[in-house]
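The values are calculated or read from the model by the stated rules, or taken from the named source; none is laboratory data. Values in this document were obtained by computation on a predicted structure and should not be read as measured data. Counting neighbours? That spans all protein chains shown, and the Cβs are built from the backbone with ideal geometry, glycine included.
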């Protein structure tokens, strides 16, 4: 008999042109005046205009809040809450990448529970029900549209806060692969590696189960097969659809199994320097994998086999180390920078961000115990 597993997922609407279901979906949830959370990039790409027409056709009045930047900030959440309340909205639609979706969740928390977003750092701090939430991702990577996580930057402490609660799982996630066709190659690469890191960390997590393992391994297989194609060609809709599926599966996996040391470390760099999360993940991933390898060699072998079905090695140890090589090769092919120094990290930052990483909630499910010196060593190698 296996262990009991509890799986939290939203209703999922997946497929090309599924964004057209947004109006009907909101009405089914009882929403009459949605608060749309997005960013300027989504507006420029034309997706807000597309969504607006859909809502207009459904005779729905709405309010737009678009002052979200990468790594959403606490003061942006406060601005959004004020507008939400003054506009008398009754539901939320997040459309964009992980930043817009995380911000939408954070606005929902404060609008219904009060206080400051810092009050909800950690797990299970939300007491009152949230408004109906629909999330529409425009990147294939973050998994925020299906997860019980929200990540918000505390600008005073310069750290990313992890907010974790079952009520943060949206009611509906609308995943339309066509929305991925306006992303530039760099963002496609960064978000794709973010999805890969979600899949790998959730698979290696001490809280993984058979359900999350299946999701994670399939996501890893898809990403190694289709991410290069997706980066190479904006209009390769088949590759976009595959990457949307991988992001979805990796998102479900990490939402239910947790993450690990990689995200605990990457959050500190993002919080301190406001750098793209996926890019930091990509730089750190090989070094964290090397550190974790001794804790779960058999799982590394499984990752190697799904990442490259033709891979051959003389022994288990060699095969497990090939995961690190395969990840490095993928990042090189995608043109991702190889050192944290390119992102503005220097040696003087390392003690501070290493200490903070120990307090990040994500470290709790890492397969290998890590102390402050271990984390400093990994940061040093990644410079």
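List of remarks:
- Strands (runs of 3 or more DSSP E) within the range 131-183 that include 2 or more residues under 16 Å from residue 121 (Cα atoms) and under 17 Å from the mean Cα position of the chain (by Cα): 149-154, 159-164
Let's see how each residue does on (1) over 19 Å from residue 241 (Cα atoms); (2) at pLDDT below 95; (3) surrounded by fewer than 24 Cβ atoms within 10 Å (Cβ to Cβ):
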site: 105; (1), (2), (3): yes, no, no
site: 132; (1), (2), (3): yes, no, yes
site: 141; (1), (2), (3): no, yes, no
site: 150; (1), (2), (3): yes, no, no
site: 166; (1), (2), (3): yes, no, yes
site: 170; (1), (2), (3): yes, no, no
site: 174; (1), (2), (3): no, no, no
site: 180; (1), (2), (3): no, no, no
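- The listed residues are 41, 94, 98, and the only one of them that is touching a strand residue (DSSP E or B) at 6+ places or on another chain (Cβ under 6 Å) and either under 23 Å from residue 193 (Cβ atoms) or surrounded by fewer than 22 Cβ atoms within 10 Å (Cβ to Cβ) (or both) turns out to be 94.
- One residue stands out among those in the range 341-371 that are over 24 Å from the mean Cα position of the chain (by Cα) and exposed (fewer than 13 other Cβ atoms within 10 Å of the Cβ): the one that is modelled with the highest pLDDT, which is 371.
- Residue satisfying condition, being surrounded by fewer than 24 Cβ atoms within 10 Å (Cβ to Cβ), outside the structural domain of residue 159 (by TED's automatic domain parsing) and closer than 16 Å to residue 383 by Cα, within set 309, 298, 290: 290
- Given (1) under 19 Å from residue 137 (Cα atoms); (2) at pLDDT 95 or above; (3) crowded, with 20+ Cβ neighbours inside 10 Å, index of the condition residue 71 fails: (2)
- Test: residue in the range 261-281 that is over 21 Å from the mean Cα position of the chain (by Cα), in contact (Cβ under 8 Å) with a residue 12 or more places away in the chain and farther than 20 Å from residue 146 by Cα: no
- Residue among 211, 254, 291 that alone is closer than 22 Å to residue 135 by Cα, out of contact with any strand residue (DSSP E or B) (no Cβ under 7 Å at 6 or more places or on another chain) and assigned to a helix (DSSP H, G or I): 254
- From the list 107, 126, 92, the lone residue that is assigned to a helix (DSSP H, G or I) and touching a helix residue (DSSP H, G or I) at 6+ places or on another chain (Cβ under 6 Å) is 107.
- Sole exception among (1) closer than 21 Å to residue 217 by Cα; (2) part of a helix (DSSP H, G or I); (3) out of contact with any strand residue (DSSP E or B) (no Cβ under 8 Å at 6 or more places or on another chain) for residue 311, by number: (2)
- Filtered residues of the range 29-73 (kept if without any contact (Cβ under 8 Å) to a residue 12 or more places away in the chain and either in a loop (DSSP other than H, G, I, E, B) or in contact with a helix residue (DSSP H, G or I) (Cβ under 6 Å, 6 or more places away or on another chain) (or both)): 59
- Test: residue in the range 310-317 that is touching a helix residue (DSSP H, G or I) at 6+ places or on another chain (Cβ under 7 Å) and in contact (Cβ under 8 Å) with a residue 24 or more places away in the chain: no
- Flag if residue 112 is closer than 24 Å to residue 281 by Cα and either touching a helix residue (DSSP H, G or I) at 6+ places or on another chain (Cβ under 7 Å) or without any contact (Cβ under 8 Å) to a residue 40 or more places away in the chain (or both): no
- Residue 119 vs. criteria within 17 Å of residue 149 (Cα to Cα), out of contact with any strand residue (DSSP E or B) (no Cβ under 9 Å at 6 or more places or on another chain) and not assigned by TED's automatic domain parsing to the domain that holds residue 190: yes
- Some residue of the range 222-242 being touching a residue at least 24 places away in the same chain (Cβ under 8 Å), farther than 15 Å from residue 189 by Cβ and under 16 Å from the mean Cα position of the chain (by Cα): no
- Candidates 247, 230: the one that is modelled with pLDDT of 95 or more and touching a strand residue (DSSP E or B) at 6+ places or on another chain (Cβ under 8 Å) is 247.
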